[in-house]
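Worksheet for the structure shown next.
The values are calculated or read from the model by the stated rules, or taken from the named source; none is laboratory data. These numbers were taken from a predicted model, which means no experiment stands behind them. Please note: Cβ atoms are built from the backbone with ideal geometry, for glycine as well, and neighbour counts cover all protein chains shown.
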Amino acid sequence: MTMKTMFKKRWYFFVPLILAALVGFGFVTMYLWNWLMPVLFHLPEITFWQTVGLLVLSRIFFGGFGGHKHRHGHGHHHHCNKNLHEKWENMTPEEREKFQQHIHMHRPPWAHRFSGDEQVK
């Protein structure tokens with residue numbers, strides 16, 4: 001018996017486990033909110049259903065609705081990297097130096113920590 005066949009026959013055992021995990025995650029999130037947010041930011045305490053609503057909203061805002069976004073985004077980045085590589089290969093050494101200086105000047109402040117460069121004040 002394969003794993004897929006076994007899952008099809010016993011899916012009803014997994015549904016309560018998944019529901020229990022979701023409810024548990026909701027309660028943990030609610031308790032963390034009610035423990036930290038009122039003290040740190042003077043926000044009100046929230047109920048379980050308000051917590052579920054916040055989790056759904058955060059999923060919509062930050063996670064999207066499904067996995068299609070990630071596959072499309074990956075291909076888009078690959079296309080951009082390919083174009084950038086082609087442009088880099090066609091640049092003269094002077095253009096490459098100018099491009100590197102431009103990128104170096106327009107990096108955010110925290111990027112200097114990770115590049116090995118010392119921050120100039």
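When you check His79 against the structure, is it over 30 Å from Leu55 (Cα atoms) and at pLDDT below 80, yes or no?
Judged against the criteria, His79 is a match.
Output the residues belonging to the stretch 45-55 that are without any contact (Cβ under 8 Å) to a residue 24 or more places away in the chain and in contact with a helix residue (DSSP H, G or I) (Cβ under 7 Å, 6 or more places away or on another chain).
Once the filter is applied, which keeps residues that are without any contact (Cβ under 8 Å) to a residue 24 or more places away in the chain and in contact with a helix residue (DSSP H, G or I) (Cβ under 7 Å, 6 or more places away or on another chain), the stretch 45-55 yields Glu45, Ile46, Phe48.
Give the stretch 104-115 a look and list any residue that's surrounded by 10 or more Cβ atoms within 10 Å (Cβ to Cβ), part of a helix (DSSP H, G or I) and either modelled with pLDDT of 70 or more or hydrophobic (A, V, I, L, M, F, W, C) (or both), or say none.
Result: His104, Ala111.
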